[in-house]
Structure formats: structure tokens, C-alpha cells
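For reference, the structure discussed in these notes is given below.
The values are calculated or read from the model by the stated rules, or taken from the named source; none is laboratory data. Predicted, not measured: the structure shown is a model, and the values here were computed from it. Cβ placement follows ideal geometry from the backbone for every residue including glycine, while neighbour counts extend to all protein chains displayed. The protein model used for the area step is the full one, side chains on, heavy atoms only, and it has no ligands, DNA or RNA in it. Shrake-Rupley method; radii C 1.70, N 1.55, O 1.52, S 1.80 Å.
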Amino acid sequence: MLEKLIQSRLQSRVREILPEANLATVLVRPCPDLKFGDYQSNALMAIAKERKQNPRKLAEEVVAGLDVSEWCEPVEIAGPGFLNFRAKTEAVTEVLKSASRGDHLFFERTKAPRNIIVDFSSPNVAKPMHVGHIRSTILGDALVRSLRLLGHHVVTDNHIGDWGTQFGKLLIGWKQDLNRTNLEQNPLAEMGRLYKQVNARFEADDGIKTLARQELVNLQQGDPENLKIWREMIDLSLQEFGKVYSRLAIQFDHVLGESFYNSQLKGVAKNLLDLGLAQESEGATVVFFEKSTGWSDPAIILKSDGGANYTTTDLATLEYRLKTWQPAEIVYVTDARQQLHFQQLFHIFRRWHPVAEVSLSHVWFGMILGPDGTPFKTRTGENIELNALLDEAEERALATVTEKNPDLPEKERLEIARVVGIAAVKYSDLLPNRQSDYRFDWDKMLALTGNTAVYLLYAYTRIRSVARKAAEAGAGASVEALQLTLPSELALAKHLLRFGLSIEAMAAEYRPNYLCNYLFELAGLFSQFYENCPVLKAEGSDRSSRLVLCELTGRVLKKGLEILGIETTERM
RNA sequence: GCGUCGAUAGCUCAAUUGGAUAGAGUAUCUGACUUCGGAUCAGAAUGUUGCAGGUUCAAGUCCUGCUCGACGCACCA
């Protein structure tokens, strides 16, 4: 938190000397290596370069009139013009005290809240959620949590796949071969079976093709029976999705699927045609792109059979969201393969609504690979269902808890296993840079050591254990007693001050791995502190002071994990 | 063919406006008061950041070319 105060004063000082300088570049950040100090600014080197000045000299001039002595030791100029700031222990102590009094938790809400729509998860009706939905769902939810914590107004909208050609096949299967008993027991499995069964006959049998097309057309034209079946498929699917979301503690403000926009699709297409953005080509309605884009193939707005496809739906969706929520930004969380689609979608949208100021972000992520480095599937090549995957995570976690802590009652072990299992899945998804593919590895994600959810949760339970024992002994944290003397106390305290930066970094770039790594470092620093500084065995003000550090670390760990969508447990 | 993304320690991965000696974990080796929860901590060792050039005070990061890989490119979403 000190970095903001230092930064603001540094900016004022730079403005005094160079009124035209772009202050947005004058940033204060944590030092990469603590031996340089706690915070640094590299901005002066860039500014000097622009003006062809001597960077070192500029730095000296800036520092000469810069007073940050309330928070820092004298500012050092290093190398070609780095400014290094070392926080005064008293200043760090004061921030911790104010946190302990409940004034803040080392982060600040934004002064410029924005309306942001986040579009994520988006499963398809009549198909179980599977591995392919993990990242969008978990990543999207974590991003939403970080934005909301910083004070932005977020609208979440689950744009489910509830319309499209697959319903022709599903309707045939439903009418010819539906097993009601199976449907009641496991609706998605039954619908999946129906789809596969019809699909298998599809290629070889022209009669089925014609029938599927007919059922689809009937549905589109509002045939009552088909509509009724379709609605039932959606209802059942949503119930099943809800079970998974409930396990993952994920909620949506709105579930407006593709079908919600049906009535607008023709209008969108006509509008694009009228504006000259779209044209007829080979029987379809398409948008061609300028040469400069490098896209030689057009985007299809209406297929030659008159049906719309997803570019059209997405355009209608965009327009609806703008009108309904007036967002400053819309964020789409999908896999990397849809990059071209979103680039083209945004491009068309800009031409269609040139004055719209909304910013459009495609937050994309890589694939989940199996142990062999190919896309993660079952042995028979099927998608792994999310529910089954979560079951296995909990089972594996239960085995570990039982091994480590056999005396806990079964009910408690089950609850711990639930928290730990879900945490492991989420954390292993959020830890890698979202843009890279990652390898799904049970042993690694549930490992007791290393950068895992288990390690973080363990650190948390140790803190809670100390708190319980302190309470039994009648000892308590005392803000007044807080004193940072030993190196590991100071190191832990200074790291607490960086919590806000890590949340902001995560929210700014939609990268939860920044926060994951922050929390891992925090847990490590806590372990070092815990190793070096007795808490319960200490006495008097030492004990009260260290209990403050424990308590604040616990609160930050819990809040940080909460941003990642991860629950904590008191024992494990 | 065009395009997007990637290639970093044995392995899995980080690296926040271009910043300081490229970091963690894991595996390997060694050690820690008879453990405030040892599911812990400390230490050792590990690199031509795919290759070749360029830009500059400074390049894993930016530019050019090349190699390898993943993914995407007219009627699925």
C-alpha cells in the first residue's frame, strides 16, 4: 500500500520538473530483489531517454526535491537511474496496525468503478459439462471475484448453447427412443445417448438427414410439441449444470442462451446488408474483410439455407448487452481456438457501431492436456465429465486426509476432502499462465509440497490452530503490542502490504497466476516466520505482537483464496 | 499457403510500462533444539531463455529471418 503513496509523491515531483511528462508511466513497483529495497521506479530512465537527457542526472534532480521520509529511508539512485525505496519499519508497522483495527486489508477499492460484463462457462444444452468447460468456468469466476472486490460493477451472463442444428438430431432421438427412467436418473447421459445414436445413423442414412432438418425447421417455426421437448431439454440441462456450479460455488446473474436472441438475428443480418457491411455470396450472407486484416475468408452471417450462425448471434448479443447494461467493457472467457472468431466479431462490431465506446476483451486460454501431452480425454477418447472429475479430486483428497489425520471423525474428513479436492482442481487451473496449455496431473495438484492449494490450506490451518490455542490460553492479539523486530517478521509484514498490488495485477491482465504466486510466497514467508519466531511459546508483548501477524496473514490468505473461488478449512 | 500462439534448469512451470546477477516447485544430495500442526524449514547443485542477426544504457520480453510444435482459416459453435 505504501507504493501508492510513494508513487503519488514521485509523480508530483516529476510534474514539477517536467510538466509535460506522461505521469501514467511514472510507476512504483516492488523490487525484484529485496537487496535493492522494497519498491523501485524505473520510469525516469525512460523519460530521460525520450528527452535525450542524462538519466542519472534527472534522477538526482528528482530525488533532491522528493520527500518520502514519512515512509522510507533516504532514496537511493542505482545504476543508470533506478530509484530504490526502502520502507521504514515504523511505516510498515502503522499499515499493519490500521489493518488490524479493520480499516482495510491491504487493498483499496478502485476510485473509478466500471460496468463490466463477463461472459464465461457457456456449456451446451443436452451435453454434460466436461474438461473443456473447466478453464472458462474457473477462470471466469475468479476474474469476476477480483473485479468485484476492487469495486467494479460486474454482470455475469452464462451464454449457454441452447440453440442450433444439434436439436434436429436430439428431437429424433427423443421421439423415437427416449427412455424416461434413464432420463430421470441422469438426464444428460440419456440425452447424450440419444444424440450419439442418431448421429451414428446420420451420415449413412439420407432419411435421417431429411428428418433432422425437418424437426429443426419445425422447432424454429414454433411447432408446439418440439418446443415443449426443447424446453424440457433446457430445463433438465440447467438443473444438471446447477449441480456442478453449486459444487464450484459459482453463480450467474443471468443465463441468456443463444435462443434468447433468435428474434433479432434476421434484423441484424438485414441491418448489416442495408449498411453495406454484408453482402450475398454463394447463396449465403457474408461479411468480407478489408485486405489489411489479412482475412481472405468472410464471416458467415446467414448460411445459404437462411439460418444464422454464431457470429450473428454474438452480434445480437453484443447489441443487447450494450443496450441493457451500458457496460464499459465486455470480457469473453473462452479457449484460444476462438481468437479469430472474436477478432472478426469485434472488427465487424466496430464497423457496425462506430461510436460505441465499450472495450471488448477476449480473455483466452490454452488447452488442458492429459499425462501424454495430448488433449485430456478418457481412455476411450471421450470427454471427461466435470462432475466425475470433481468426484475423483475429492476421493483422492479424502485418502490423504485419512492417512494424515485418521482420528478425525469421518464427517469432518469428508468435508475437508471436499474443500481440498475442489481447491486443488481450481488452483491447478489458475496457477499456470492462462495462455499456455497445461498438463492435468492428479499427483501434482494434490501434492502436499510445492505450489499447491494443499500447501496454502495447510498454512491457513496452522494459523487457525495457533489462534485456537491462544484463545484457550487466554492470550490475544494486541494491536498496540505490534512490533516488527526479527527479519522474518519484517519480511512477512512487508509482503502483506503487497496484497493489493497482486489483486490489481490479476484484474488488470486477467491473470490469476499473479495472485496464486503472491499467496504461495505469503504462505512460505509465514512458514519461515513460524519457524523462526515462537508465538505461543513467547510471552507478553512478543506473543501479542506475533498473534497480530498470524491473524493478518490468516485473513489475507483467506481473502486471497476467496478471490480464486477457493474455500478454506479450519483443520485438515 | 495464410494467420495466431508457443519453445526458458532433468521434469512441470514463473518472470507485472524493455530493467539490475532469468526465478519457483519437483527430482537429487545434505542438514534442522525430542515438532507452538515436520503436510514444516535451512543449505547445495542445476541455464548459450529453439537457432542467427538487429534495435539500446539495458532484451526471455521489441524488430527481421529460420527450425520445431500446437491451434485456426465459407455455411458447427
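Considering every residue within the range A:463-474, establish whether at least one is part of a loop (DSSP other than H, G, I, E, B) and more than 9 Å from RNA strand B (Cβ to nearest atom). Give the derivation first.
The initial filter retains those residues of the range A:463-474 that are part of a loop (DSSP other than H, G, I, E, B), namely A:473-474.
Narrowing further to those that are more than 9 Å from RNA strand B (Cβ to nearest atom): A:473-474.
Yes; the residues of the range A:463-474 include at least one that is part of a loop (DSSP other than H, G, I, E, B) and more than 9 Å from RNA strand B (Cβ to nearest atom).
Please find, among A:GLY307, A:GLY276, A:GLY267, the residue that is more than 9 Å from RNA strand B (Cβ to nearest atom) and open to solvent by less than 50 Å² (accessible area, probe 1.4 Å).
Working: A:GLY307 fails: more than 9 Å from RNA strand B (Cβ to nearest atom); A:GLY276 fails: open to solvent by less than 50 Å² (accessible area, probe 1.4 Å).
Of A:GLY307, A:GLY276, A:GLY267, the one residue that is more than 9 Å from RNA strand B (Cβ to nearest atom) and open to solvent by less than 50 Å² (accessible area, probe 1.4 Å) is A:GLY267.
When the range A:318-330 is examined, which residues are found to be open to solvent by 20 Å² or more (accessible area, probe 1.4 Å) and in contact (Cβ under 8 Å) with a residue 12 or more places away in the chain?
Start the filter on the range A:318-330 by keeping residues that are open to solvent by 20 Å² or more (accessible area, probe 1.4 Å), which leaves A:319-320, A:322-326, A:328.
Passing the criteria: A:GLU319, A:TYR320, A:LEU322, A:TRP325, A:GLN326, A:ALA328.
Name the single residue, out of those in the range A:521-550 being within 13 Å of RNA strand B (Cβ to nearest atom), open to solvent by less than 10 Å² (accessible area, probe 1.4 Å) and not in a loop (DSSP other than H, G, I, E, B), that is farthest from A:GLY450 (Cα to Cα).
Residue satisfying both the conditions and the ranking: A:SER545.
Exactly one condition in (1) over 16 Å from A:LYS559 (Cβ atoms); (2) within 11 Å of RNA strand B (Cβ to nearest atom); (3) surrounded by 16 or more Cβ atoms within 10 Å (Cβ to Cβ) is not met by A:GLU509; state its number.
Failing condition for A:GLU509: (3).
Would you confirm, using the coordinates I've provided, whether A:ASP335 is farther than 29 Å from A:VAL286 by Cα and surrounded by fewer than 18 Cβ atoms within 10 Å (Cβ to Cβ)? Don't jump to the end; show me each part of the working.
On the way: farther than 29 Å from A:VAL286 by Cα: no; surrounded by fewer than 18 Cβ atoms within 10 Å (Cβ to Cβ): yes.
No: the conditions fail for A:ASP335.
Name the helices (runs of 4 or more DSSP H) wholly within the range A:372-452 that hold at least 2 residues that are more than 8 Å from RNA strand B (Cβ to nearest atom), out of contact with any strand residue (DSSP E or B) (no Cβ under 6 Å at 6 or more places or on another chain) and open to solvent by 80 Å² or more (accessible area, probe 1.4 Å)?
On the way: elements: A:386-404, A:410-430, A:442-445.
So the answer is A:386-404, A:410-430.
What single numbered condition from (1) open to solvent by 50 Å² or more (accessible area, probe 1.4 Å); (2) hydroxyl-bearing (Ser, Thr, Tyr); (3) more than 18 Å from the chain's Cα centre (by Cα) fails to hold for A:THR553?
It is condition (1) that A:THR553 fails.
If we scan the range A:282-293, do we find a residue that is in contact (Cβ under 8 Å) with a residue 40 or more places away in the chain and surrounded by fewer than 16 Cβ atoms within 10 Å (Cβ to Cβ)?
Taking the range A:282-293 and keeping what is in contact (Cβ under 8 Å) with a residue 40 or more places away in the chain, we get A:287, A:289, A:293.
Those left that are additionally surrounded by fewer than 16 Cβ atoms within 10 Å (Cβ to Cβ): A:293.
Yes, the range A:282-293 has at least one match.
Restricting the first residue to the range A:1-20 and requiring it to be of a type in the set (Lys, Arg), which pairs with a second residue that is loosely packed, with under 13 Cβ neighbours inside 10 Å meet a Cβ separation below 8 Å and a spacing of at least six or different chains?
A:ARG9/A:ASP67; A:ARG13/A:GLY65
Among A:ASN309, A:ASN383, which is the only one that is at pLDDT below 95 and in contact with a Pro (Cβ under 9 Å, 6 or more places away or on another chain)? Break it down into steps so the answer makes sense when it comes.
Details: A:ASN309 fails: in contact with a Pro (Cβ under 9 Å, 6 or more places away or on another chain).
After applying the criteria, what remains is A:ASN383.
For the range A:296-317, what are the residues that are part of a helix (DSSP H, G or I) and touching a residue at least 40 places away in the same chain (Cβ under 8 Å)? Talk me through it step by step, then tell me what you get.
In the first step, residues of the range A:296-317 are kept if they are part of a helix (DSSP H, G or I); the result is A:310-317.
Passing the criteria: A:TYR310, A:THR312, A:THR313, A:LEU315, A:ALA316, A:THR317.
Looking at A:ASP274, A:ASP297, which is the one that is in the same structural domain as A:SER361 (by TED's automatic domain parsing), at pLDDT below 95 and over 26 Å from the mean Cα position of the chain (by Cα)?
Working: A:ASP274 fails: at pLDDT below 95.
Of the residues listed, the single one that is in the same structural domain as A:SER361 (by TED's automatic domain parsing), at pLDDT below 95 and over 26 Å from the mean Cα position of the chain (by Cα) is A:ASP297.
Do we have A:ALA397 as touching a helix residue (DSSP H, G or I) at 6+ places or on another chain (Cβ under 8 Å) and more than 28 Å from A:PRO512 (Cβ to Cβ) here?
On the way: touching a helix residue (DSSP H, G or I) at 6+ places or on another chain (Cβ under 8 Å): yes; more than 28 Å from A:PRO512 (Cβ to Cβ): no.
No.
Assuming A:LEU23 fulfils every condition listed in (1) open to solvent by less than 60 Å² (accessible area, probe 1.4 Å); (2) over 32 Å from the mean Cα position of the chain (by Cα); (3) not β-branched (Val, Ile, Thr) apart from one, which condition is it?
(2)
Any residue that is among the hydrophobic types (A, V, I, L, M, F, W, C) and free of Cβ contacts under 8 Å to residues at least 40 places away in the same chain - is there at least one of those in the range A:64-73? Before you say what the answer is, go through the steps one by one.
Here is the first cut: in the range A:64-73, the residues among the hydrophobic types (A, V, I, L, M, F, W, C) are A:64, A:66, A:68, A:71-72.
This time we only want the ones that are free of Cβ contacts under 8 Å to residues at least 40 places away in the same chain, so: A:64.
Checking the range A:64-73: at least one residue is among the hydrophobic types (A, V, I, L, M, F, W, C) and free of Cβ contacts under 8 Å to residues at least 40 places away in the same chain.
Of all residues in the range A:64-85 being more than 12 Å from A:ILE6 (Cβ to Cβ) and aliphatic (A, V, I, L, M), which is farthest from RNA strand B (Cβ to nearest atom)?
The extreme case among them is A:ALA64.
Hey, can you tell me all the residues within the range A:292-304 that are more than 6 Å from RNA strand B (Cβ to nearest atom) and not hydrophobic (A, V, I, L, M, F, W, C)? Working first, answer last.
Pass one, the range A:292-304, residues more than 6 Å from RNA strand B (Cβ to nearest atom): A:292-293, A:295-296, A:299, A:301-302.
Scanning the range A:292-304 gives A:SER292, A:THR293, A:SER296.
Checking the conditions here, which among A:SER488, A:SER502 is over 30 Å from A:ARG145 (Cβ atoms) and either of a type in the set (Lys, Arg) or within 10 Å of RNA strand B (Cβ to nearest atom) (or both)?
Numbers: A:SER502 fails: over 30 Å from A:ARG145 (Cβ atoms).
Answer to the check: A:SER488.
So is A:GLY242 out of contact with any Leu (no Cβ under 8 Å at 6 or more places or on another chain) and either open to solvent by 20 Å² or more (accessible area, probe 1.4 Å) or modelled with pLDDT under 90 (or both) or not? Even if it seems obvious, please write down each step before you answer.
On the way: out of contact with any Leu (no Cβ under 8 Å at 6 or more places or on another chain): yes; either open to solvent by 20 Å² or more (accessible area, probe 1.4 Å) or modelled with pLDDT under 90 (or both): yes.
So A:GLY242 passes the test.
Among (1) surrounded by fewer than 21 Cβ atoms within 10 Å (Cβ to Cβ); (2) under 30 Å from A:GLU410 (Cβ atoms), which single condition is A:SER488 missing?
(2)
Could you tell me whether A:ALA356 is within 15 Å of RNA strand B (Cβ to nearest atom), open to solvent by less than 30 Å² (accessible area, probe 1.4 Å) and within 30 Å of the chain's Cα centre (by Cα)?
Numbers: within 15 Å of RNA strand B (Cβ to nearest atom): no; open to solvent by less than 30 Å² (accessible area, probe 1.4 Å): yes; within 30 Å of the chain's Cα centre (by Cα): yes.
In short, no.
Residue check: is A:GLY168 surrounded by 22 or more Cβ atoms within 10 Å (Cβ to Cβ) and touching a Lys or Arg at 6+ places or on another chain (Cβ under 7 Å)? Walk me through how you get there before you give the answer.
On the way: surrounded by 22 or more Cβ atoms within 10 Å (Cβ to Cβ): yes; touching a Lys or Arg at 6+ places or on another chain (Cβ under 7 Å): yes.
Yes: the conditions hold for A:GLY168.
Could you pull out every one of the helices (runs of 4 or more DSSP H) wholly within the range A:29-142 that has 1 or more residues that are in contact with a Ser or Thr (Cβ under 6 Å, 6 or more places away or on another chain)? Before the answer, list the steps.
Numbers: elements: A:43-50, A:55-64, A:89-100.
It comes to A:43-50.
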